[in-house]
Structure formats: structure tokens, C-alpha cells
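K.L.:
Here you go, one structure.
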Amino acid sequence: MERQPEKPTQLITKKFAKELHSNFMKYRASIIAKYIKKEDANAVWFSVEELENYIHYIKSKGEKTGYNVNGIRIYFGVYPEEKKYEEKAGLMTVFLTATGKKIKTPKAGELQTFASLSIDNSDISSIEPMNYGSIGRPPSLDYN
């Protein structure tokens, strides 16, 4: 029998999500649009399959390179104003990067304790970040 997933503790109400999006559009998007003189992206979409594949990839590559992958950090970015980025040029995006801890291998004769198992808890630069989701192209998407 398949185990039911635990309900995430970070869930928010739809009402609060609408408020967050509304605040972004009111307090950030309007300023950005005024500054860059065009409407910017306000959402990025990745398929569940793409996200599951990336999670599997970073866990596997982390293990192979001596890291215990423990999360994904999401950064904001802006595509360069270059032709090769087509309709994304100059627009906001997000990219994902693996985070984790370097697994410290004990030296010969050294007792391995919980404290010596890992060090650091930051971005793992040896694992490639993920980008190229579908942006909420102007006209902007409204959170429903």
C-alpha cells in the first residue's frame, strides 16, 4: 500500500496567496514596469516532471560528489537583453540551485561523530542550477 504524503507545514490559504500576489503586482511589478518601460514576467512555471527530475538529479549528483543535498534555493534573475533569449530578453526569471552539506569523510583512526558527518549548508556550486521554466509573459498572470 502506498504511503500517503504528509501535509506540508508551509501551506498557506488561497486568500493569503492572492494577497501576496496582489502586493507583488502593486508594490513591485508596477515599479519594475515603470523602470524597464515594459511589463515584466510575474510567474514562472515548471512541470512536476521537470521538478521531480531535477530533485532526483541533484540528489544523485550530490551523492556522487560528496554532498548531502538538503534543499533547493530559488533565486530571482533577469535574462540578458540579447536576441537569443527572444521574448524572455530583459524579463525576470527564477532559477533553482541545490543546497546541502559537504559530507566530511573521517581520517583513518578518527572516530566519526554526528558533528563530523557534514559541514556547511549552502549552495552546491558543483551541481548545475535549473532554469528555463515557462514565464508568465505579459500580459501578466493573475493568481486565482
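The values are calculated or read from the model by the stated rules, or taken from the named source; none is laboratory data. In this text, all values refer to a predicted model and were calculated from it rather than measured experimentally. Virtual Cβ from ideal backbone geometry, glycine too; neighbours counted across all protein chains shown.
K.L.:
Which residues, counting only those in segment 65-85, are of a type in the set (D, E, K, R) and either assigned to a strand (DSSP E or B) or touching a Pro at 6+ places or on another chain (Cβ under 8 Å) (or both)?
P.N.:
If the condition is that a residue be of a type in the set (D, E, K, R) and either assigned to a strand (DSSP E or B) or touching a Pro at 6+ places or on another chain (Cβ under 8 Å) (or both), then 73 is the only one that fits.
K.L.:
Before we move on, is residue 96 aliphatic (A, V, I, L, M), over 17 Å from residue 61 (Cα atoms) and at pLDDT 80 or above?
P.N.:
Details: aliphatic (A, V, I, L, M): yes; over 17 Å from residue 61 (Cα atoms): no; at pLDDT 80 or above: yes.
No; evaluated as a whole, the condition is false for this residue.
K.L.:
Given the structure, is residue 55 more than 19 Å from residue 89 (Cβ to Cβ), among the aliphatic types (A, V, I, L, M), surrounded by 14 or more Cβ atoms within 10 Å (Cβ to Cβ) and out of contact with any Gly (no Cβ under 6 Å at 6 or more places or on another chain)?
P.N.:
yes
K.L.:
Quick check on segment 64-81. Is at least one of its residues more than 23 Å from residue 131 (Cβ to Cβ), within 21 Å of the chain's Cα centre (by Cα) and at pLDDT below 95?
P.N.:
Looking for residues that are more than 23 Å from residue 131 (Cβ to Cβ), within 21 Å of the chain's Cα centre (by Cα) and at pLDDT below 95, one finds at least one in segment 64-81, hence yes.
K.L.:
Looking at (1) within 16 Å of the chain's Cα centre (by Cα); (2) at pLDDT below 90, find the lone condition where residue 127 falls short.
P.N.:
So residue 127 meets the others, but not (2).
K.L.:
Return the residue satisfying two criteria in turn: it lies in segment 1-52 and is of a type in the set (A, V, I, L, M), in a loop (DSSP other than H, G, I, E, B) and in contact (Cβ under 8 Å) with a residue 24 or more places away in the chain, and of such residues it is surrounded by the fewest Cβ atoms within 10 Å (Cβ to Cβ).
P.N.:
Kept after step one, since they are of a type in the set (A, V, I, L, M), are these residues of segment 1-52: 1, 11-12, 17, 20, 25, 29, 31-33, 36, 41, 43-44, 48, 51.
If we keep only those that are in a loop (DSSP other than H, G, I, E, B) as well, we get 1, 11-12, 41, 43.
If we keep only those that are in contact (Cβ under 8 Å) with a residue 24 or more places away in the chain too, we end up with 41, 43.
On the way: 41: 23, 43: 17.
So, considering only residues that are of a type in the set (A, V, I, L, M), in a loop (DSSP other than H, G, I, E, B) and in contact (Cβ under 8 Å) with a residue 24 or more places away in the chain, the one surrounded by the fewest Cβ atoms within 10 Å (Cβ to Cβ) is 43.
K.L.:
Shifting gears a bit: Out of the residues in segment 58-93 that are more than 27 Å from residue 126 (Cβ to Cβ) and among the hydrophobic types (A, V, I, L, M, F, W, C), state the one that is surrounded by the fewest Cβ atoms within 10 Å (Cβ to Cβ).
P.N.:
That would be 89.
K.L.:
Moving on to the next point. Within the group 16, 114, which residue is more than 18 Å from the chain's Cα centre (by Cα), of a type outside the set (D, E, K, R) and modelled with pLDDT under 90? Walk me through it before giving the result.
P.N.:
Numbers: 16 fails: modelled with pLDDT under 90.
Sole residue among the options that is more than 18 Å from the chain's Cα centre (by Cα), of a type outside the set (D, E, K, R) and modelled with pLDDT under 90: 114.
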